[in-house]
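Student: Just dropping this structure here.
Values quoted throughout were computed directly from the atomic coordinates according to the rules given, and no laboratory measurement underlies them. From a predicted model like this one, the values you see are computed outputs, not experimental measurements. Methodologically, a virtual Cβ is constructed for each residue, glycine included, from the backbone with ideal geometry; neighbour enumeration extends over all protein chains shown.
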Amino acid sequence: MIPSNQHPLTLGRGATLALLLAASLAHAHPQGFHKKLTFTLTKTTVTGLLVMDVDSGDRCTVLRQAADANGDGLLQGAEVTALKERLASMAAKTLKLSISGAAIAVTAKETKLSLREDPRVGEAGLSVALLIELAHPHPVSEGMTFEVTDTSPDLSPVVVQVFQAAAKGAAPEAPFQGEVESGKTVKVRLGRLP
């Protein structure tokens, strides 16, 4: 459990990915793909976490079978790596970020995959988490907008959270938190960032 006064992206990288991946597994939701995006902005950087869960069922069987290169029914070593890369690509390929119209290239700094403790080819669910650390393309000032657009593979809504670090002496901006229609752009006005 994250302390109420600690934002998940202020924890260590590995701890953040593991914690949020585990938390996403415990969250009950309808069957399908589920994406959650969490971003923290400073004057020079965007730090983000993208988590995508794939619920158990036929889609997981197909994803697991495609990664089972030797056909032995178990995902191991390079097969797990291939599945992680495929899911990471699937999760990130539709994510678009920009600051007042200036696009920010999305690249993952670190990626984690959860087979939900079941390495067999079958219907067990999957989860992938990507840590994103990016520099702003241009200097950021108060009043600019951070824009996020993403589409879930099954067009289900995407959960988006945007936090802004508060400059010394400035009141913190209220975070944006909401479930956003797939493909819809979220625009968050930026305050005075440190």
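Student: Find out how many positive minus negative residues lie around PHE33, taking Lys and Arg as positive, Asp and Glu as negative, among other residues whose Cβ is under 10 Å from that of PHE33.
Tutor: -1
Student: Taking the dipole about the Cα centre of segment 49-186, with the C-beta of Lys and Arg at +1 and of Asp and Glu at -1, give me whichever of THR151, ALA105, ALA129 is farthest to the positive side.
Tutor: Farthest towards the positive end: ALA105.
Student: Work out from phi, with θ = phi - 60° and the Karplus expression 6.51 cos²θ - 1.76 cosθ + 1.60, the ³J(HN,Hα) of each residue of segment 59-72, listed in order in whole Hz, and give x for Gly and Pro.
Tutor: Listing the rounded values in order: 4, 6, 4, 4, 4, 5, 4, 4, 8, 7, 4, 8, x, 8 Hz.
Student: Given charges of +1 on the Cβ of Lys and Arg and -1 on the Cβ of Asp and Glu, with all other atoms neutral, how large is the dipole of segment 8-189 about its Cα centre, in debye to the nearest 20?
Tutor: 560 debye
Student: What's the local net charge at ASP53, with K and R +1, D and E -1, over the other residues with C-beta under 11 Å away?
Tutor: Cβ neighbours under 11 Å give a net charge of +2.
Student: Per residue, how much space in cubic angstrom lies within the convex hull of the C-alpha atoms of segment 127-191?
Tutor: In segment 127-191, the Cα hull volume divided by residue count equals 117 Å³.
Student: Taking amide hydrogens as modeled 1.01 Å from N in the peptide plane, which residues meet the under 5 Å criterion relative to ILE132, leaving out close sequence neighbours?
Tutor: The list, which skips near neighbours in sequence, is GLY48, LEU49, LEU50, LYS109.
Student: What ³J(HN,Hα) values, in whole Hz, does the Karplus curve 6.51 cos²θ - 1.76 cosθ + 1.60 give for segment 80-87 when θ = phi - 60°, with x put for Gly and Pro?
Tutor: Per-residue couplings from phi come out as 5, 4, 5, 5, 4, 5, 5, 5 Hz.
Student: Just need log10 I(q)/I(0) for segment 8-189 at q = 0.12, 0.17 Å⁻¹, Debye formula, equal scatterers on the alpha-carbon atoms, no solvent, rounded to two decimals.
Tutor: Once normalised to I(0) and log-transformed, intensities are -0.58, -1.06.
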